[in-house]
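The values are calculated or read from the model by the stated rules, or taken from the named source; none is laboratory data. In this text, all values refer to a predicted model and were calculated from it rather than measured experimentally. Methodologically, a virtual Cβ is constructed for each residue, glycine included, from the backbone with ideal geometry; neighbour enumeration extends over all protein chains shown.
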Amino acid sequence: MEHSTEIPGLTDLGLADFEIDARSAFPFKGGEEAAEERLQHYFWETQNLKNYKETRNGMLGTEYSSKFSAWLANGSISPRFIYAEVKKFEREVVANQSTYWLIFELLWRDYFKYISLKHGSKIFQLNGISKKNLDWKNEPEVFKKWTEGETEEPFVNANMNEIAATGFMSNRGRQNVNSFWVKELLQNWRIGAAYFESMLIDYDVHSNWGNWMYNSGVGNDPRDRKFNIQRQAERYDPDGEYQKTWPKDFKYKNAMKKLRLILGDQLNHKHSWYSKTEKNTLYFMAEMRQETDYAHHHSQKVIGFFAAMRNFYEHLKSNGHQIIYYEIDSEGNKQHLVENLRDLIEKHSIEKFEYQLPDEYRLDEQLKDFCKNIEIETEAFDTEHFYTTRTEMAEFYEGKKELTMEYFYRNMRKKHEILMQNDSQPEGGKWNFDKSNRKKWTGKPEIPHEKGFRKDVSKILEQIEKQGIKTIGTVDATAFNWPTSRPDSLKVLNYFCENLLIHFGDYQDALHTDEPYLFHSRLSFSMNTKMLSPQEVIDKVLETYYDRKSEIDISQVEGFVRQILGWREYMRGIYWMKMPGYRRSNKLDNQNKLPDFYWTAKTKMNCLHHAISQSLEHAYAHHIQRLMVTGNFALLAQVHPDEVDAWYLGIYIDAIEWVEMPNTRGMSQYADGGIVATKPYISSGSYINKMGNYCKSCKYDVNKKTGEESCPFNSLYWNFLSEKREHFKNNQRMNMMMSLLEKMKPETLEAHLNRAKKIIANPDAF
């Protein structure tokens, strides 16, 4: 039957006629016939369907995508009809990722429709279906500039010019202008959605409002993504052809204006740098031989840093920031920080270089020298991580003779209102519950298994090995057990608070052969890489304590807070007060070589064997193992602090010089002459026996003071006091031990000295 019905044109309806813009990506007519003609062309005549996946994010022309959306929206063609043709195409031509993706896009349409059916009018509400209460702006002038293509982003402007002229915009363009409207301009997402509703020739209520919710952070996407507009432009319009096609006073620029450096221990998600994506700002991160080779690092330390850096890179990239990342074997990697920076500045026509203040003096000096010798503007920023600035502690101790940590700690408690009853009185009536933190663990209470991850890091290990990087220790590359991302780190923090905090303080000094972690948090790596901040760690601990005050004693919490708010900030302050001279300090004039067993664990002394074996296996030992076992022996054996420094810096995953060096030279080795510690942290075997079970299965007898079967620590202890007595004669905290030394029988002291000389001469024999 012949149809005689004539469809009225625009003029018949009293409307002005128009010509289709020659630049339009949708120059087609409406109706079922036109829809089927398009399908025939796209599927069968050109077989462009075969390449849909590769071209679907195009910007110019009719062939980069199917263009079915307008006909689908007005019902001229059905998704079922298109689906049937795709399956036929798969049978007769090819079934590939492109055919899959076209079907997938059809499913997206259905998905948004079912979202509408489920949630009804909620898709039009300001807080969307996620019910997020976000702070939206409503600025008419901003809306005018956006719709008229007069924003600061040429790529956005081009897309807005296209929709204004044709009623059509590519999917890629829609994602970008949506993101820019809500994530950069912070404007009410519903205004943007309503504008699209008024303009799009393929408007569909479900797809339009569903996509706007999705991209605005009030819909189904839990990632709350933000597009980096300039990066998107460079990727999808690298030559600027699209922007040239839809201009409005447009001049395409490919050059970056600003370069920002991110070091491997500056993985702070909350830094103000990342609060918005900035036009013409390029971030840079690199794995470099400069950093892997200045010490012999544990394999787990190198892997941990690389993995965490790569995760941070992916985080920044997914949030729309433009970033260059060099893996250790990247072709463009010069393996040296300054050389890499110079190369990038030249290649990208950088006009300003910015960096966050390094926490290592070595890198701080390197970057200051670099900035002095380049001709562009430079600026350094705080890392926004610590409670204190670099100079804050020096200011606190100005005019004081001693740098006693306790006074600094109390001041920090008051300043930050942590565990305080009022402005001056500590909660619990005491500033310090250290005496409650010295229990020996004997098997009870039961220790929960550590929060593990068991990640496969084989690729990173292979890269390290191929580069010939020398490492120490061992690693199970298929079961890497350290947190390497912020989500990982938050899981460890939550696990500590829920399961371990309740007994942390009691057993923080305990030693045991079967339990490497005891009730310790294992947060140091996350904190020292800045994946977690000290403030959020303490806040979470305090939140747990106040929620479970009937279960958790204040001594557990104060002991933990003291480590973070007190010692951690204090050690950093010491580092920046006393460098660079601090790294050369050796007040006791110790000159001996570090025993070989520190690198192999091959020693008959069980405490050292276990602590070192654990360090080689896990890249971890808790602070008492470091201080009173490995550090104690090194000091008693009068090892040169440089050698001790190198060992601690290399073997532990959390070792970064600002925290390692004051702990080693100051607390452990007394090389600073008492700046950090008011007395040397030394002991005979009795302390180790008191705090753990090492001595029970040792070749040597801790209860024997002298003789071949006696604990080497016993003789080394008295020998040290004897040889160094001039250093301690005026130290009040050493009076009792020096008095005992003076009262010791000459023959007993002689026996100690002789045995100590044998041990020091050949420590690897013991």
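General observations
- Residue check for Ala255: in a loop (DSSP other than H, G, I, E, B), small (Gly, Ala, Ser), modelled with pLDDT under 95 and out of contact with any Ser or Thr (no Cβ under 9 Å at 6 or more places or on another chain): no
- Some residue of the range 557-579 being of a type outside the set (Gly, Ala, Ser), free of Cβ contacts under 8 Å to residues at least 60 places away in the same chain and in contact with a Phe, Trp or Tyr (Cβ under 6 Å, 6 or more places away or on another chain): yes
- A residue that is over 25 Å from Leu461 (Cα atoms), touching a strand residue (DSSP E or B) at 6+ places or on another chain (Cβ under 9 Å) and without any contact (Cβ under 8 Å) to a residue 12 or more places away in the chain cannot be found anywhere in the range 386-399.
- Checking every residue in the range 724-745 against the condition of being touching a residue at least 60 places away in the same chain (Cβ under 8 Å) and more than 33 Å from the chain's Cα centre (by Cα) gives at least one match.
- Considering Gly473, Gly468, the condition of being touching a Leu at 6+ places or on another chain (Cβ under 8 Å), at positive phi and small (Gly, Ala, Ser) is satisfied by Gly473 alone.
- Selected residue (criterion: farthest from Glu515 (Cα to Cα)) from residues of the range 437-447 that are out of contact with any Gly (no Cβ under 6 Å at 6 or more places or on another chain) and surrounded by 15 or more Cβ atoms within 10 Å (Cβ to Cβ): Arg438
- When the range 119-171 is filtered for residues that are more than 22 Å from Thr277 (Cβ to Cβ) and basic (Lys, Arg), the ones remaining, listed by number, are Lys122, Lys131, Lys144.
- Residues that are within 24 Å of Ala233 (Cα to Cα) and modelled with pLDDT under 95, drawn from the range 284-303: none
- Of all residues in the range 622-678, those that are part of a loop (DSSP other than H, G, I, E, B) and of a type in the set (Gly, Ala, Ser) total 6.
- Cβ separations smaller than 7 Å between residues 6+ apart or across chains give the following pairs from the range 42-59 residues that are within 18 Å of Gln175 (Cα to Cα) to residues that are of a type in the set (Phe, Trp, Tyr): Lys53/Trp101; Thr55/Tyr64; Arg56/Tyr64; Arg56/Trp101; Asn57/Tyr236; Gly58/Tyr64; Met59/Tyr236; Met59/Tyr242.
- The test for being outside any helix (DSSP H, G or I), in contact with a Phe, Trp or Tyr (Cβ under 8 Å, 6 or more places away or on another chain) and crowded, with 17+ Cβ neighbours inside 10 Å holds for Leu594.
- Looking across the range 82-99, the residues that are touching a residue at least 24 places away in the same chain (Cβ under 8 Å) and either exposed (fewer than 14 other Cβ atoms within 10 Å of the Cβ) or aliphatic (A, V, I, L, M) (or both) come down to Ile82, Val86, Val93, Val94, Gln97.
- Looking across the range 32-61, just one residue is under 39 Å from the mean Cα position of the chain (by Cα), buried (at least 17 other Cβ atoms within 10 Å of the Cβ) and in a helix (DSSP H, G or I), and that is Tyr52.
- Selection count, the range 64-81, where residues are within 17 Å of Tyr111 (Cβ to Cβ) and hydrophobic (A, V, I, L, M, F, W, C): 3
- Taking the criterion of being in contact (Cβ under 8 Å) with a residue 12 or more places away in the chain and among the basic types (Lys, Arg), the residues of the range 209-241 that qualify are Arg223, Arg225, Lys226, Arg231.
- Test: Phe312 is touching a residue at least 40 places away in the same chain (Cβ under 8 Å), part of a helix (DSSP H, G or I) and of a type in the set (A, V, I, L, M, F, W, C): yes
- Restricting the range 418-468 to residues that are of a type in the set (Val, Ile, Thr) and either in a strand (DSSP E or B) or in contact with a helix residue (DSSP H, G or I) (Cβ under 7 Å, 6 or more places away or on another chain) (or both), the residue that is nearest to Val537 (Cα to Cα): Ile418
- Tyr670 being within 24 Å of the chain's Cα centre (by Cα), surrounded by 23 or more Cβ atoms within 10 Å (Cβ to Cβ) and among the hydroxyl-bearing types (Ser, Thr, Tyr): no
- Test result for Ala193, under 28 Å from Asp21 (Cβ atoms), among the hydrophobic types (A, V, I, L, M, F, W, C) and at pLDDT below 90: no
Quick grid of which residues meet (1) among the basic types (Lys, Arg); (2) closer than 27 Å to Lys491 by Cβ:
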| position | (1), (2) |
| --- | --- |
| Trp431 | no, no |
| Lys435 | yes, no |
| Lys444 | yes, yes |
| Asp456 | no, yes |
| Leu461 | no, yes |
| Gly468 | no, no |
| Asp476 | no, yes |
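- For the range 150-157, the count of residues that are modelled with pLDDT of 90 or more, touching a Lys or Arg at 6+ places or on another chain (Cβ under 9 Å), among the polar types (S, T, N, Q) and crowded, with 19+ Cβ neighbours inside 10 Å is at least one.
- Within the range 713-740, the set of residues being surrounded by fewer than 12 Cβ atoms within 10 Å (Cβ to Cβ) and within 22 Å of Ile675 (Cα to Cα) comprises Glu726, Lys729, Asn730, Gln732, Met736.
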